[in-house]
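Computed from the coordinates by the stated procedures, all read-outs in this text should not be read as laboratory data. Since the structure is predicted, the reported quantities are computational estimates derived from the model, not experimental observations. Quick reminder, even Gly has a Cβ in these numbers, built from the backbone with ideal geometry, and neighbours come from all protein chains shown.
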Amino acid sequence: MKVVTIIGARPQFIKAATVSRVIATREDISEVIVHTGQHYDANMSDVFFEELAIPRPDHHLGIGGCSHGQMTGRQLEAIEKVLLAEMPDMVLVYGDTNSTLAGALSAVKLHIPVAHIEAGLRSYNRRMPEEINRILTDHASDWLFAPTETAVANLRREGLPEERIALVGDVMYDATLFYRERARPPEWWDNIQVEPGQFILATVHRAENTDDPVRLSAILAGLAASEHPVIMPMHPRTRTKIDEFGLTLPDGIHAVPPVGYLDMNWLEAHSWMIATDSGGVQKEAYFHGKRCVTLREETEWVELVESGWNVLVGADFDNIFSGLRGSGSKISSPFYGDGDAAARIVKGLMGEV
Ligand code: UDP
């Protein structure tokens with residue numbers, strides 16, 4: 001069987017690395033990788049291919065850095081050409097970016113079966129571009145590989161046929177387990193005066209936070225008010241917006257360029273607490289046994305809020321400040337499977353379960 005994998009953004013490289021590794025062990029599947037170019041900086045793209053040993057993309061479309069409509073439209077057109085040339089048996093798409101939607105739409109219109117990995121997530125906030133991408137991708141897909149029970153329930157509620165849905169666990173948990181051993185401190189670690197176990201690791205990149213100067217400055221102020229120093233690997237969009245709005249980074253926030261996945265794992269494992277608006281980082285906090293303060297009003301990963309590991313604080317100074325001091329009981333459970341999600345997905349695709 002021949003599969004075409006469509007990826008383009010940082011979290012997709014990490015998710016796809018787990019499945020590509022399983023595919024590489026089998027002689028009966030060949031994989032063609034298409035990189036849409038949605039993320040193109042070396043530290044948002046190349047570093048992941050190198051560190052995670054993802055095979056080099058067979059096709060690089062170079063379509064990023066434009067508006068949502070333009071990006072999705074241009075990717076749709078370019079992916080269609082690749083699919084017509086490759087004629088795969090199936091297309092794999094991951095997560096909820098414009099590349100996910102463009103990949104799913106191009107394939108389904110050519111009658112090529114689509115598998116959506118990380119299906120069924122919902123924030124129920126339709127102003128998030130990711131929410132629209134997920135809903136449309138799920139409804140265009142033939143296989144829906146859901147990471148959690150909640151995701152399965154969401155798909156059922158939308159009337160998606162039972163035979164398309166499989167609960168497999170979360171490929172990001174597979175990735176954490178596999179790469180945890182190789183985690184290492186970033187090369188700048190010795191240059192900053194921060195003790196392991198004593199810092200807050202923060203990431204901010206959701207458009208609702210970066211594109212609103214009131215929210216962005218409240219988040220920065222709330223983080224800086226903590227008694228713990230903050231290390232913030234800065235997404236390019238956040239850096240651009242801070243400059244555009246003329247905001248100054250408060251003392252106590254150490255901004256660094258985006259880090260590779262192995263560095264990020266080390267920082268997560270050695271943090272005191274994590275503050276983020278990232279979907280993936282919320283879960284990685286849990287995988288590393290850290291509390292998480294989520295800089296959003298809602299989350300797709302509701303089990304972490306219900307179990308006490310995660311608190312939703314939005315972009316409110318007081319909530320962020322108190323969230324970062326928070327304690328309380330936490331319940332652990334295998335919410336994200338057993339670390340074999342990628343193997344289950346590949347078996348599912350091959351009709352072996
Ligand atoms: N990540 C990373 N370096 C960074 C920030 C994040 O390797 O500087 C990783 C993080 O560990 C997680 C993934 O990127 O695996 C999350 O991606 P992102 O926050 O961009 O997207 P989301 O999960 O919100 O879709």
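A few remarks follow.
- At an R0 of 25 angstrom, the distance between the Cβ atoms of Ala153 and Arg126 translates into a FRET efficiency of 0.85.
- Judged by the ratio a/c of the largest to the smallest principal axis of the C-alpha gyration tensor, region 286-326 counts as oblate, that ratio being 1.5 or greater while a/b is no larger than b/c.
- Top of Met232, Met264, Met87 by mean-square fluctuation, Gaussian network on the chain, Cα under 10 Å: Met87
- For region 33-99, with +1 on Lys and Arg beta carbons and -1 on Asp and Glu, the positive-most of Gly69, Leu52, Ala42 along the dipole: Gly69
- Estimated purely from DSSP H runs of n ≥ 4, each contributing -39500 (n - 2.57), the mean residue ellipticity at 222 nm for the chain is -12000 deg cm²/dmol once divided by its residues.
- Within a Gaussian network of the chain (alpha carbon springs, distance under 10 Å), most fluctuating of Ile192, Ile242, Ile135: Ile192
- Region 197-308: C-alpha gyration tensor shape, a/c 1.5 cut-off, then a/b vs b/c: prolate
- Rounded, prolate or oblate (a/c below 1.5 giving rounded, otherwise prolate when a/b exceeds b/c) for region 138-276 by Cα gyration tensor: oblate
- Rg and Dmax of the chain, based on Cα coordinates, read 19.6, 57 Å.
- Among Leu312, Leu84, Leu52, residue whose mean-square fluctuation peaks in a GNM of the chain (springs only between Cα atoms under 10 Å): Leu84
- Cα-based radius of gyration for region 69-202, normalised by 2.2 N^0.38 Å, reads 1.31.
- Radius of gyration over Kirkwood radius for region 24-82, both on Cα atoms: the Rg/Rh ratio is 1.03.
- Exceeding the 20 Å Cα-Cα cut-off - candidates Lys2/Lys81; Lys15/Lys330; Lys2/Lys283; Lys15/Lys109; Lys109/Lys347: Lys15/Lys330; Lys2/Lys283; Lys15/Lys109; Lys109/Lys347
- The convex hull around the C-alpha trace of region 268-344, projected and averaged over every direction, spans 5.2 square nanometres.
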